[in-house]
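Asker: Would you mind keeping the following structure in view while I ask a few things?
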There are 2 protein chains.
Amino acid sequence: MPKNGPDPRAILDLDRIVHEPARLAILTVLASAEEVSFLFLQRVTGLSKGNLSSHTQKLEAAGYLETVKAFQGRIPVTSFRITEDGRTALRAYQQQLRALLPKEGKP
Amino acid sequence: MPKNGPDPRAILDLDRIVHEPARLAILTVLASAEEVSFLFLQRVTGLSKGNLSSHTQKLEAAGYLETVKAFQGRIPVTSFRITEDGRTALRAYQQQLRALLPKEGKP
DNA sequence: TGAAACAAGTTTGTAGCGCAAACCTGTTTT
DNA sequence: AAAACAGGTTTGCGCTACAAACTTGTTTCA
């Protein structure tokens with residue numbers, strides 16, 4: 001009898017915006033804090049500046065985060081917040097993943 | 001107190017070969033059967049022929065599966081088997097994912 | 001004061017990827 | 001014998017991730 005795991009087609013439906021590791025890392029960080037600065041995000045993820053910039057732009061275009069530009073003293077500081085849509089997308093993604101992972105102990 | 005979830009950097013270390021949804025689907029199917037034909041794999045994953053062909057080639061190049069070409073009657077049939085390396089990679093990937101997913105009920 | 005180093009981000013350039021259309025080789029049907 | 005068909009592979013293309021180079025503004029040092 002063939003073991004039947006998760007539906008392989010479901011795997012193909014994963015949200016590609018979230019699925020990209022760099023963006024998943026970003027969303028994960030944003031989900032656990034109200035607002036996060038560009039620099040902090042860069043340090044904690046280890047992404048290059050260019051890379052981080054383009055990924056946040058993509059996430060913003062998707063409506064998953066919003067960019068907040070402000071000044072601290074006179075130097076400009078860019079920060080990000082996850083949006084409701086972003087939080088929803090992240091949770092949905094995590095739910096899908098959970099459904100795909102086998103139950104923990106495969107003999 | 002800031003909630004600290006999983007290490008974001010760990011997310012960036014995911015095995016990209018396995019992480020691609022099409023290939024994850026393929027590996028998942030292969031992991032649950034000894035040998036699987038091209039056609040069956042196509043039907044169950046819903047991938048196009050070209051797409052399936054290139055992904056299996058990539059997986060073979062990575063050493064995660066092996067291709068078995070045979071004949072059934074006089075028509076050629078291509079089948080695949082997951083290798084030990086492939087199984088190991090798949091399991092490792094699943095382990096990483098588990099570590100990244102929050103514990104199930106976030107308030 | 002002015003030049004030189006520095007900081008925060010953004011834009012540009014490039015290699016690589018995923019995808020399906022077109023193609024190839026052989027088989028079955030009419 | 002020609003035409004349709006099946007199983008796969010190769011080709012071509014638009015998109016993506018990534019870092020190097022650039023931009024704009026600030027601080028340091030001579």
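Readers should treat all values here as calculations from the given coordinates under stated rules, not as data from a laboratory. Just so it is clear, the structure is predicted and the values come from calculations on it, not from any experiment. Cβ coordinates were reconstructed from backbone atoms using ideal geometry, including for glycine residues, and neighbour counts include every protein chain displayed.
Asker: With everything on Cα atoms, drop me the angle between helix A:84-100 and the longest principal axis of chain A, reported from 0 to 90° to the nearest 10.
Answerer: With rounding to tens, the tilt is 30 degrees.
Asker: Under 4 °C and 1.567 mPa s, how fast does region B:8-100 diffuse according to Stokes-Einstein, given a Kirkwood radius computed over C-alpha pairs? Answer in µm²/s, whole number. It would help to have the intermediate numbers written out before the result.
Answerer: Numbers: Rh = 13.7 Å.
Answer from the Stokes-Einstein relation: 95 µm²/s.
Asker: Can I ask one more? Helix A:21-31 against the longest principal axis of chain A: what's the angle in degrees, Cα atoms only, rounded to the nearest 10?
Answerer: 70 degrees
Asker: So, one more: For the pair residue A:66/residue B:84, report the inter-label distance in nm, with labels modelled 7 Å from Cα in the Cβ direction.
Answerer: In this crude spin-label approximation the distance works out to 5.6 nm.
Asker: At 20 °C and 1.002 mPa s, what whole-number value in µm²/s does Stokes-Einstein give for the translational diffusion of the protein assembly as shown, with Rh from the Kirkwood sum over Cα pairs?
Answerer: 113 µm²/s
Asker: Measuring from label point to label point, each 7 Å out along Cα→Cβ, what is the residue B:53 to residue B:99 span in nm?
Answerer: The answer from the label model is 3.9 nm.
Asker: Follow-up. Determine the sum of side-chain charges near residue B:66: Lys and Arg each +1, Asp and Glu each -1, restricted to other residues whose C-beta is under 14 angstrom from that of residue B:66.
Answerer: So the surrounding residues net to -1.
Asker: Just to confirm the numbers: residue B:87, label point 7 angstrom along the Cα-Cβ line, distances to the other copies in nm, shortest first?
Answerer: For residue B:87, the other copies' label points sit at 4.3 nm, shortest first.
Asker: Same structure again: Do the sum for chain A: with -39,500 (n - 2.57) for every DSSP H run of n ≥ 4, divided by all residues, what is the mean residue ellipticity at 222 nm, to the nearest 500 deg cm²/dmol?
Answerer: So the helix-based figure for chain A works out to -15500 deg cm²/dmol.
Asker: So, one more: Under a 5 Å amide H to amide H cut-off, with H placed in plane at 1.01 Å, what residues pair with residue A:65 once short-range neighbours are removed?
Answerer: It is A:60, A:83, by chain and number.
Asker: A further question follows. Taking amide H positions as placed in the peptide plane 1.01 Å from N, state which residues far from residue A:77 in sequence (5 or more) or on other chains have amide H under 5 Å from it.
Answerer: Sorted by chain and number, the residues that satisfy this are A:70, A:71, A:72.
Asker: Let me ask something else. Working out 0.36 nm times the residue gap between residue B:91 and residue B:13, then minus their Cα-Cα distance, what length gain in nm do you get to one decimal?
Answerer: Working it through step by step, the gained length comes to 26.6 nm.
Asker: Can you tell me the order of B:47-57, A:18-28 when each peptide is scored by its average per-residue count of other Cβ atoms within 10 angstrom, highest first?
Answerer: Ranked by mean Cβ neighbours within 10 Å, highest first: A:18-28, B:47-57.
Asker: Still on this structure, please answer the following. Identify the residue of chain A whose Cβ lies closest to the rotation axis that maps chain A onto chain B, and give that distance in whole Å.
Answerer: Closest Cβ on chain A to the axis mapping it onto B, in Å: A:97, 3.
Asker: To the nearest whole number, what is the average tally of beta carbon atoms from other chains within 10 Å of the beta carbons of peptide A:23-33?
Answerer: The shielding value for this peptide is 4.
Asker: Return the aspartates and glutamates within reach of residue A:69: Cα separation strictly under 20 angstrom, same-chain partners fewer than 8 residues apart disregarded; answer none if there are no such residues.
Answerer: The qualifying aspartates and glutamates are A:34, A:35, A:60, A:84.
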